[in-house]
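Let me begin by presenting the structure, written as structure tokens, before commenting on it.
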Protein chains: 2
Amino acid sequence: MGEDAAKDGNAAAGMAAPDLIAALTDESALVSPLERKLAASILADVNFATNASITEIAARAGVSPPTVTRFCRRLGCASFSDFKVQLARSAYVGLRYLRPESVTSTPAEVAEDIVTKAQNALFEMHRGLDLEALSRAAALLAKAQMIYAFGAGGNSSMIVNELQNRLFRLGCRIAASNDHGMNLMLSAAAEPGTVVFGSSFSGRNHELVRCFQLLRERGIKTIALTQSGSPLAEAADVVITVDLPEGQNIFRATSTRYAFLATVDILANLVAYADRSRSTRLLRGIKEQLIKHRDGDDRQLLGD
Amino acid sequence: MGEDAAKDGNAAAGMAAPDLIAALTDESALVSPLERKLAASILADVNFATNASITEIAARAGVSPPTVTRFCRRLGCASFSDFKVQLARSAYVGLRYLRPESVTSTPAEVAEDIVTKAQNALFEMHRGLDLEALSRAAALLAKAQMIYAFGAGGNSSMIVNELQNRLFRLGCRIAASNDHGMNLMLSAAAEPGTVVFGSSFSGRNHELVRCFQLLRERGIKTIALTQSGSPLAEAADVVITVDLPEGQNIFRATSTRYAFLATVDILANLVAYADRSRSTRLLRGIKEQLIKHRDGDDRQLLGD
DNA sequence: TCAATGTGCCGAAATTTATTTTCTTCATCG
DNA sequence: CGATGAAGAAAATAAATTTCGGCACATTGA
């Protein structure tokens, strides 16, 4: 019984605070000055905090142990040790990007750095995900008569190709295009019932914005996968925002791709679930794939 | 002093066991039967273990608390609480794939599922990464007169396009191709000094294997990014293996892409570091990119 | 083959350490 | 001026670790 209670408590706690770092950073939640001091102290050295005892943490922050206990409770944790466990989880992926941009030189460091940043990008994307917008986008795509997916540059090309790759097998009529001139013509000729999906990491691709403006004038629905507040976001009907910390993007622009790719993945899944019969078709496709694979064929021949 | 000691101890412990789950799974490290029992009990319900007290864990495993303490020490942790912290970290990304393949239906669940699996794929890839092979591949690519990157199907196409996208700006002469006929012709015509890179998730793409065999006969160096032990791996000079748990691949083949993408990312970085002057050129390129970006251009126009 | 000895694992109890509760004081705000 | 709530001191409780003794198993020598 005690065991079950503990387990339930943990599960509940896990649900309550999926990201402790965010809670710690959120000033509004911390009313008293000592709690702010405590939060600042913990954030200043999370590594220390994850491993220190309650007395050590209290001493470093200049407060008493009971204050720390109360603080943990207020943050939604069951106890101090629960707090530590959650902090360790959050810090593992959530706080690594605070590391200084070191000049990585050994292969092991390069690998570690890239994997960490990719995981961070996914983590951050998930944290800031607007599910409501994604659901609306999925609904639009599922009902669309025809879908155009516009991207530009290596990264967004990859994204829209991926969307095409994922959606065509769900029974969607979709064409991906990465050519500005073509995009403009397709926009000008698009018929009612068409939905246009556009991807741009920065949201400042002029040509794409122009297409979207034209489409708005023409009453064609548009979905943008981009940064919030960007020109492309302004021009779109539904905006799926992915905002990653600037520092990450400037020095090594690549990790954002993982976030975009996963977002497309989620979107495609939502489209699949939007229509049960389509979803069934998807599953049948996967089965077929399995069978072919067992015959020795490369899975990739099927594109998935 | 106590604080510093604690911090140092933690840092050291963190280095010693970056992945506790692996240590727990590794039977060879666990000599005594009770320790095996304990490890099994912990692995059976990691969630419980991360939150329970030492007595609860001991009770569940049917051992005494001191045994648990000793067990933690043996695994390289400073103490039981250190063990818990590390377990929480590992479990966060490392063990989620043990979850039953649930029928995810709500958008939140879909998003959680996809992000988790992508992170897991990255985690597993990083764990099994053969840095030595990657370094050899990078050295080959850096010195190559010409590089061909062969892929097949949606996923591997993406991978080889990505490689091209990353390497051409490092000053590499590279062409990506996804067409079997073309690949065969290129293989037959390749001159000495050429290096061929091939990607296949399963390693069972017959045409690609045939190309590699032909290339071996002709003395052209080949690099395969694929599953270990596969026909493609057998046919290649340098093999970069990415072996992800079967269960993951079979049901939703997509998460492996994140691992492949990150591997290409790492490889490209290693190529950049292989030659300092090239690396400098890379950095200059990034600067240019930044400047253009500030002018309002989409970063993606530059392909990164 | 059979003791005798050694080695090391394991748990009970004691000790130490850590955490939480209770209670009191103090400050702040209405 | 009383009410409210935050914060710490101290006590109580809970948890973790060390110590120590017993036990099982292996090794050695007769």
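Rundown of residues vs (1) under 18 Å from B:VAL196 (Cβ atoms); (2) in the same structural domain as B:LEU270 (by TED's automatic domain parsing); (3) surrounded by fewer than 24 Cβ atoms within 10 Å (Cβ to Cβ), yes/no style:
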site: B:MET125; (1), (2), (3): no, no, no
site: B:ARG136; (1), (2), (3): yes, yes, yes
site: B:LYS143; (1), (2), (3): yes, yes, yes
site: B:MET146; (1), (2), (3): yes, yes, yes
site: B:ASN155; (1), (2), (3): no, yes, no
site: B:VAL160; (1), (2), (3): yes, yes, no
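Within the set A:LEU43, A:LEU87, the sole residue that is open to solvent by 10 Å² or more (accessible area, probe 1.4 Å) and away from DNA strand D (no atom under 13 Å from the Cβ) turns out to be A:LEU43. If you go through segment B:25-54 and keep only what is in a helix (DSSP H, G or I) and near DNA strand C (Cβ under 10 Å from one of its atoms), you end up with B:PRO33, B:LEU34, B:GLU35, B:ARG36, B:LYS37, B:LEU38.
Only one entry in B:LEU225, B:LEU215 is modelled with pLDDT of 90 or more, surrounded by 21 or more Cβ atoms within 10 Å (Cβ to Cβ) and more than 30 Å from A:ALA268 (Cα to Cα), namely B:LEU215.
Does B:ASN165 satisfy being surrounded by fewer than 23 Cβ atoms within 10 Å (Cβ to Cβ) and free of Cβ contacts under 8 Å to residues at least 40 places away in the same chain? Judged against the criteria, B:ASN165 is not a match. When restricted to residues that are in a helix (DSSP H, G or I) and away from chain A (no Cβ under 14 Å), segment B:63-82 contains 9.
Kindly indicate whether B:LEU129 is in a loop (DSSP other than H, G, I, E, B) and closer than 23 Å to B:GLU234 by Cβ.
Spelling it out, B:LEU129 is indeed in a loop (DSSP other than H, G, I, E, B) and closer than 23 Å to B:GLU234 by Cβ.
Does B:ALA152 fit the bill of being within 10 Å of chain A (Cβ to nearest Cβ) and at pLDDT 85 or above? Answer is no for this residue. Being in contact with a Lys or Arg (Cβ under 6 Å, 6 or more places away or on another chain), open to solvent by 20 Å² or more (accessible area, probe 1.4 Å) and either in the same structural domain as A:ALA88 (by TED's automatic domain parsing) or within 12 Å of DNA strand D (Cβ to nearest atom) (or both) is the requirement here; does A:SER53 meet it? No; evaluated as a whole, the condition is false for this residue.
The values are calculated or read from the model by the stated rules, or taken from the named source; none is laboratory data. The shown structure was predicted, so the numbers you read here are calculated from the model rather than taken from an experiment. So basically every Cβ, Gly included, is an ideal-geometry build from the backbone, and we count neighbours across all protein chains shown. To get the accessible areas, we keep the full protein, side chains included, count just its heavy atoms, and leave off ligands, DNA and RNA. Shrake-Rupley method; radii C 1.70, N 1.55, O 1.52, S 1.80 Å.
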